[in-house]
Structures are given as structure tokens and as C-alpha cells.
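Can you keep this structure in mind? I'll have questions shortly.
The numbers here are math on the coordinates, done by the rules we state, and not lab data. Note that the structure is predicted; figures quoted are calculated from it, not measured. No Cβ is skipped: glycine too gets one built from the backbone with ideal geometry, and neighbour counts run over all protein chains shown.
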Amino acid sequence: MKNPNGELTLSRPKTETSVRKISIPQDAIDLLMAEHGKHPENPYMFPSPATGEMYYPDSVVNLHKKILKDAGLPHIRFHDLRHTFATMALQNGVDVKTVSSMLGHYDVGFTLRTYTHATRQKQDEAAQTMGSFMAQVM
């Protein structure tokens, strides 16, 4: 958030559900540790090369756009990465309660309503599985 002088300041998130522990794969931890090793005295994981301070939020969005363009990928909003994660997690069998918790949603119902398309696909797969099972039994 910016203070009245227009400077970035660190503050607590808006809601308590935004403060949470998350699990990440060991490979990601290793990459983050290596990155931090490049600037061990800096408190920021990804300091701005220009200032050594934290990036302005607009800079992160612009960097995201540049990465997509350089990779020849279509534009998606930075926030859409969150939706991609949630959809892929649900489609690959991560239970909705876990996904909801990782996203910091207040209740699972919101997650279910938001990602109906992903949970619908899992329901269709479950119906196919049960249909195959029933065909074998009968």
C-alpha cells in the first residue's frame, strides 16, 4: 500500500484469512533459496534491480506482460494465474477444501461457486468411473 507521501509501505492484509501458511514443492523452495542467495542481505526475495527495494505493484504487472510477450504467449492478467492454479488443482484431484484454504477463501461454498467448471469436470469423471464399476459388477 502507498502512504500519503506516495511511498510503498508494508502492512497487514485486509482480512485475517489472507494471513496463512502455504505448502510449496521442494523444487520451488530450492529455487527460492538460490534466488535469495544472490542477495542475502536484502529482506526482499525479488528486489528491484534499479532500487534494491520492493517492486511497485505496477512494475510486477508490466514484468508479467513482458515475460508473456517474450515467450510468445497470449496476454492474461497476472491475477488469472491464481485462477489457473485453482482450476488445475481441482481438475487434478486436489480436494476443494484444500484449494479453498490455499486461496484464503472464507468458505468452501465460494470456491465451489467460483470454480464450478472444474468441479463439474471431476463430477463427470466420477460418473464415468462409477459407470465402469457398475458395468463390471452387473
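Extension gain Gln91-Lys21, at 0.36 nm per residue separation less the Cα-Cα distance, in nm? Write down the numbers at each step before the final one.
Working: separation 70, 0.36 × 70 = 25.20 nm, distance 2.27 nm.
Fully extending the segment from Gln91 to Lys21 adds 22.9 nm.
Between His75 and Ala50, what length comes free when the chain is fully extended (0.36 nm per residue of separation minus the Cα-Cα distance, one decimal in nm)? Please report the intermediate quantities before stating the final value.
On the way: separation 25, 0.36 × 25 = 9.00 nm, distance 2.54 nm.
Working it through step by step, the gained length comes to 6.5 nm.
Scan the range 1-42 for trypsin sites (Lys or Arg not before Pro) in coil per DSSP, keeping those whose Cβ has at most 12 other Cβ atoms within 10 Å, and list them by number. If you can, show how the numbers build up before the last one.
Working: sites: Lys2, Lys14, Arg20, Lys21, Lys38; in loops: Lys14, Arg20, Lys21, Lys38.
Loop-located and lightly packed - Lys14, Arg20, Lys21, Lys38.
Follow-up question, since we're still on this one. I want to verify a result. In a Gaussian network model of the chain, Cα cutoff 10 Å, which of these has the top mean-square fluctuation: Ser23, Ser59, Ser100?
Ser23
What's the tally of Lys pairs in the chain whose alpha-carbon atoms lie under 30 angstrom apart, where the two lysines are 8 or more places apart or on different chains?
18
Only Cα pairs within less than 10 Å get springs; with that Gaussian network setup on the chain, which residue of His75, His117, His64 has the largest fluctuation?
Highest fluctuation of the listed residues: His75.
Quick check: pseudo-label points 7 Å beyond the Cα along Cα→Cβ at Asp107 and Ile67, how many nm apart are they?
Placing both labels 7 Å beyond Cα along the Cβ direction yields 3.5 nm.
From the Cα gyration tensor of the range 39-98, with a ≥ b ≥ c the square roots of its eigenvalues, which class applies: rounded if a/c is under 1.5, or else prolate if a/b is larger than b/c, or else oblate? Provide the component values of the computation, followed by the final result.
On the way: a/c = 3.03, a/b = 1.56, b/c = 1.94.
Oblate is the answer for the range 39-98, as a/c is 1.5 or above yet b/c matches or exceeds a/b.
Run through the range 26-88 and list the GluC sites (Glu not before Pro) located in a DSSP loop whose Cβ has at most 13 other Cβ atoms within 10 Å. Intermediate results must be reported in sequence, preceding the final value.
Numbers: sites: Glu35, Glu41, Glu53; in loops: Glu41, Glu53.
Answer in residue order: Glu41, Glu53.
Here is a further query. By how many nm would the segment from His83 to Lys122 lengthen if fully extended, with 0.36 nm per residue of separation less the alpha-carbon distance?
Numbers: separation 39, 0.36 × 39 = 14.04 nm, distance 1.67 nm.
Result: 12.4 nm gained on full extension.
By its C-alpha gyration tensor, with a ≥ b ≥ c as the square roots of the eigenvalues, how is the range 11-75 shaped: rounded for a/c under 1.5, else prolate for a/b larger than b/c, else oblate? Walk me through the numbers on the way to the answer.
Values: a/c = 1.31, a/b = 1.20, b/c = 1.09.
The shape class here is rounded.
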